[in-house]
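What follows is a set of notes on a single structure, which appears directly below.
The values are calculated or read from the model by the stated rules, or taken from the named source; none is laboratory data. Please read all numbers here as calculations on a predicted model, not as lab measurements. Using ideal geometry, Cβ is built from the backbone for each residue, glycine included, and neighbour counts are taken over all protein chains shown. Note: accessible area is taken over every heavy atom of the protein model, side chains too, but ligands, DNA and RNA are not part of it. Shrake-Rupley method; radii C 1.70, N 1.55, O 1.52, S 1.80 Å.
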There are 2 protein chains.
Amino acid sequence: MTAVIAIDVMGGDNAPGPEIEGIWQVAQSDPDLHFRLYGKETLIRESVGRFPGLSDRVDIVHCDQHITPEDKPSYALRRGRDSSMAKALEAVRDGKAQAAISAGNTGALMALSMYVLKRLEGIGRPAIAGILPTTSHPIVMLDLGANAVCDSQNLVEFAVMGQVFARQVLGRDRPRVALLNIGIEEAKGREEIRDAAAELKRMDLPIDFIGFIEAHDITAGRADVVVCDGFTGNVALKTAEGVVKMTTSRLKDAFLSSWVAKLGYLLSKGALSRFRSTLDPSLHNGAMFVGLNGIVVKSHGAATGEGFGTAVRLAAKLVRNRANERIIAEMHPDQSASAAISDGLVAASAVR
Amino acid sequence: MTAVIAIDVMGGDNAPGPEIEGIWQVAQSDPDLHFRLYGKETLIRESVGRFPGLSDRVDIVHCDQHITPEDKPSYALRRGRDSSMAKALEAVRDGKAQAAISAGNTGALMALSMYVLKRLEGIGRPAIAGILPTTSHPIVMLDLGANAVCDSQNLVEFAVMGQVFARQVLGRDRPRVALLNIGIEEAKGREEIRDAAAELKRMDLPIDFIGFIEAHDITAGRADVVVCDGFTGNVALKTAEGVVKMTTSRLKDAFLSSWVAKLGYLLSKGALSRFRSTLDPSLHNGAMFVGLNGIVVKSHGAATGEGFGTAVRLAAKLVRNRANERIIAEMHPDQSASAAISDGLVAASAVR
């Protein structure tokens with residue numbers, strides 16, 4: 001399926017180099033994608049020129065402004081409406097593209113996404129969903145930081161959106177969905193989590209709702225979809241990042257501790273580099289902003305070309321699987337998605 | 001300084017073997033400690049008899065009952081008052097010991113501790129404080145799970161208690177204290193966290209209050225004391241445990257992936273075992289229940305003899321450093337700790 005993706009190429013820490021390289025990598029293997037690139041035209045032309053054939057696959061839309069990592073969401077809303085980030089989102093709103101991607105600052109991207117695209121019908125709060133590695137298979141976790149405080153209805157909506165992504169992005173037929181809690185008994189934890197559990201039990205979703213899991217079960221892969229408020233999800237994600245960094249740095253120290261260990265390292269080098277690559281963030285780059293009238297993917301600011309390519313592939317997958325239509329259908333089981341759409345309720349990019 | 005420690009030796013997964021072994025290890029290196037052991041007398045006598053000289057260092061108090069890992073806190077309060085766990089806590093309350101230790105179930109131990117020892121004057125909610133490894137030095141983090149929801153005053157009290165432990169247990173003169181948040185700017189995160197920050201800035205504590213840190217900064221060692229509610233702390237701790245497990249299991253897979261890698265493993269074995277030992281939970285075993293009229297230390301249920309010994313040493317350190325007196329003095333800077341004590345406000349074990 002042909003698709004057009006709008007990309008703010010000015011967002012990353014080393015923009016636009018890694019962005020353009022990632023786009024080129026995906027363009028080669030996926031001939032049905034076309035790209036609209038938003039940012040400084042001269043810079044973009046120079047980067048695009050380095051990759052043979054890429055200029056035929058992109059349209060460049062010059063934007064004077066771009067959002068910096070330091071810009072607050074409020075500043076982005078007041079002053080950033082002509083930025084490359086806002087213009088990429090407008091392309092989705094106006095039907096010129098089916099998804100937007102940016103490696104720019106998360107708060108600004110969420111604020112502009114909500115302003116430009118509006119919330120999906122029936123969703124109180126958009127959330128940030130990410131794909132995480134576990135000991136067995138990758139899983140979806142949300143919210144990773146959009147909403148510091150959530151009520152039970154927010155959590156239920158996150159579960160509905162999360163299971164759609166688990167099916168469409170990770171290919172799980174009947175995803176195991178769990179609420180993150182500090183114990184697995186029914187009476188444990190916070191009230192909004194217990195209420196959300198009761199509601200999810202009542203609902204008729206195509207999922208295997210397994211109740212509560214504790215945080216050590218996230219990496220054990222006990223659930224395909226882990227649901228929590230954005231404060232908790234952000235803490236869990238960043239704790240995991242910190243621990244991976246700590247263990248790999250201690251491992252390095254261990255190998256440098258003696259000559260014998262150094263020799264051992266040389267022999268194990270290939271295996272260790274495969275070990276590191278399973279934890280490589282670029283393999284799982286791309287957080288999805290779910291609950292908006294359009295597909296928005298946030299790349300890590302420090303993503304390499306390969307990492308940015310992962311985010312582009314994710315966006316293409318979400319477009320082709322019509323992720324938003326599915327969410328609408330499951331939030332409103334009484335009316336089919338197509339009915340909801342023809343009612344004019346939805347201006348979702350995915351349906352254009 | 002001579003001290004008596006009351007120990008519920010029936011709490012661990014393999015009780016009382018690891019408990020008695022840990023006690024013996026500490027008894028050998030610390031001749032001024034005496035132990036009161038609570039549990040099944042015949043079992044304890046048999047275990048104690050295996051270690052030469054240990055019987056002179058312990059008093060055995062027979063208890064028919066003990067709390068199981070499955071017992072709910074409410075059951076422990078209703079039916080567990082004659083258990084070895086409750087009796088060890090009563091020894092602290094009655095001045096027969098200066099600290100209590102149990103490897104039994106956390107919820108039951110906290111419920112019984114609050115019932116038997118009562119809260120420390122000026123402390124709204126006791127918390128669970130743990131010592132965590134980082135890339136540089138060990139740090140204190142609290143609350144690790146006692147309170148699923150906290151207000152700003154709870155967080156402030158956790159900060160006051162945490163810094164006392166950082167000074168007395170970890171030897172930090174002027175500990176860097178931080179509130180865990182999802183961003184470092186003043187306007188970020190939850191209201192109670194922002195309010196606690198404002199209050200900690202106003203207070204005249206012997207600390208370096210560094211404001212907010214994000215979760216990846218925990219293992220980076222940016223703060224000596226990390227303060228958060230018990231839900232967040234529990235999620236962070238268990239996420240970290242899960243990630244350590246995942247990385248070590250993937251590392252093992254990497255070494256088993258080829259003959260060359262296996263040879264490399266053999267050569268690096270010593271270094272790798274040192275690497276694993278830095279992450280060994282027994283090195284950091286022992287969570288402190290802070291905010292009670294008495295020192296209570298919770299050992300991990302699966303702790304080895306060595307791990308249980310770490311918890312015993314921690315309890316002895318807290319007793320000798322008069323941790324609770326210091327907390328009282330800093331919660332009530334207007335009256336000295338000794339005045340608070342002579343006023344009869346406090347029945348703290350540490351002051352007997």
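Within the range A:273-301, the set of residues being assigned to a helix (DSSP H, G or I) and either touching a residue at least 12 places away in the same chain (Cβ under 8 Å) or more than 7 Å from chain B (Cβ to nearest Cβ) (or both) comprises A:Ser273, A:Arg276, A:Ser277, A:Thr278, A:Pro281, A:Ser282, A:Leu283, A:His284.
Listed here are the residues, each with its yes/no results for (1) touching a Phe, Trp or Tyr at 6+ places or on another chain (Cβ under 8 Å); (2) surrounded by fewer than 21 Cβ atoms within 10 Å (Cβ to Cβ); (3) not hydrophobic (A, V, I, L, M, F, W, C).
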residue: A:Val225; (1), (2), (3): yes, no, no
residue: A:Leu237; (1), (2), (3): no, no, no
residue: A:Met246; (1), (2), (3): no, no, no
residue: A:Leu251; (1), (2), (3): yes, no, no
residue: A:Ser257; (1), (2), (3): no, yes, yes
residue: A:Val260; (1), (2), (3): no, yes, no
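The set of residues from the range B:219-229 being in contact (Cβ under 8 Å) with a residue 60 or more places away in the chain and either more than 7 Å from chain A (Cβ to nearest Cβ) or touching a Pro at 6+ places or on another chain (Cβ under 9 Å) (or both) comprises B:Thr219, B:Gly221, B:Ala223, B:Asp224, B:Val225, B:Val226, B:Val227, B:Cys228, B:Asp229.
What number of residues within the range B:231-255 satisfy the criterion of being in contact (Cβ under 8 Å) with a residue 60 or more places away in the chain and within 7 Å of another protein chain (Cβ to nearest Cβ)? Outline the logic, then answer.
Narrowing the range B:231-255 to residues in contact (Cβ under 8 Å) with a residue 60 or more places away in the chain: B:231, B:233-234, B:236-237, B:240.
If we keep only those that are within 7 Å of another protein chain (Cβ to nearest Cβ) too, we end up with B:231, B:234, B:236, B:240.
So the count comes out to 4.
Out of the residues in the range B:100-120 that are assigned to a helix (DSSP H, G or I) and among the polar types (S, T, N, Q), which is surrounded by the most Cβ atoms within 10 Å (Cβ to Cβ)? Step by step, filter the range B:100-120, then rank; the result is B:Ser113. Taken as a whole, the condition of being within 17 Å of B:Gly230 (Cβ to Cβ) and in contact with a Ser or Thr (Cβ under 8 Å, 6 or more places away or on another chain) applies to A:Glu192. Pairing each residue of the range A:16-33 that is closer than 12 Å to A:Arg57 by Cα and of a type in the set (A, V, I, L, M, F, W, C) with any residue that is open to solvent by 70 Å² or more (accessible area, probe 1.4 Å) and outside any loop (DSSP other than H, G, I, E, B), provided the two are 6+ apart or on different chains, yields C-beta distances under 7 Å for A:Val26/A:Arg313. Is one or more of the residues making up the range B:155-167 touching a residue at least 24 places away in the same chain (Cβ under 8 Å), over 17 Å from the mean Cα position of the chain (by Cα), more than 23 Å from B:His137 (Cα to Cα) and buried (at least 17 other Cβ atoms within 10 Å of the Cβ)? Within the range B:155-167, one or more residues are touching a residue at least 24 places away in the same chain (Cβ under 8 Å), over 17 Å from the mean Cα position of the chain (by Cα), more than 23 Å from B:His137 (Cα to Cα) and buried (at least 17 other Cβ atoms within 10 Å of the Cβ). Checking B:Asn181, B:Asn147 one by one, the residue that is free of Cβ contacts under 8 Å to residues at least 40 places away in the same chain and either open to solvent by 20 Å² or more (accessible area, probe 1.4 Å) or closer than 28 Å to A:Asn147 by Cβ (or both) is B:Asn181 and no other.
The residues on offer are A:Ile123, A:Ile131, and the sole one that is closer than 26 Å to A:Ile7 by Cα, away from chain B (no Cβ under 13 Å) and in a strand (DSSP E or B) is A:Ile131. Would you check if B:His137 is under 30 Å from B:Pro175 (Cα atoms) and surrounded by fewer than 22 Cβ atoms within 10 Å (Cβ to Cβ)? Yes.
If you take the residues in the range A:66-88 that are under 24 Å from A:Thr304 (Cβ atoms) and not β-branched (Val, Ile, Thr), which one is surrounded by the fewest Cβ atoms within 10 Å (Cβ to Cβ)? If you could, list the steps in order and put the result at the bottom.
Pass one, the range A:66-88, residues under 24 Å from A:Thr304 (Cβ atoms): A:66-71, A:83-85, A:88.
Cutting the leftovers down to not β-branched (Val, Ile, Thr) gives us A:66, A:69-71, A:83-85, A:88.
Details: A:His66: 24, A:Pro69: 13, A:Glu70: 8, A:Asp71: 19, A:Ser83: 27, A:Ser84: 30, A:Met85: 32, A:Ala88: 33.
My answer is A:Glu70.
From the list A:Leu170, A:Leu142, the lone residue that is under 20 Å from B:Ile182 (Cα atoms), open to solvent by less than 50 Å² (accessible area, probe 1.4 Å), away from chain B (no Cβ under 14 Å) and not hydroxyl-bearing (Ser, Thr, Tyr) is A:Leu142. Among the conditions (1) open to solvent by 10 Å² or more (accessible area, probe 1.4 Å); (2) among the charged types (D, E, K, R); (3) in contact (Cβ under 8 Å) with a residue 12 or more places away in the chain, the only one that A:Asp8 does not satisfy is (1).
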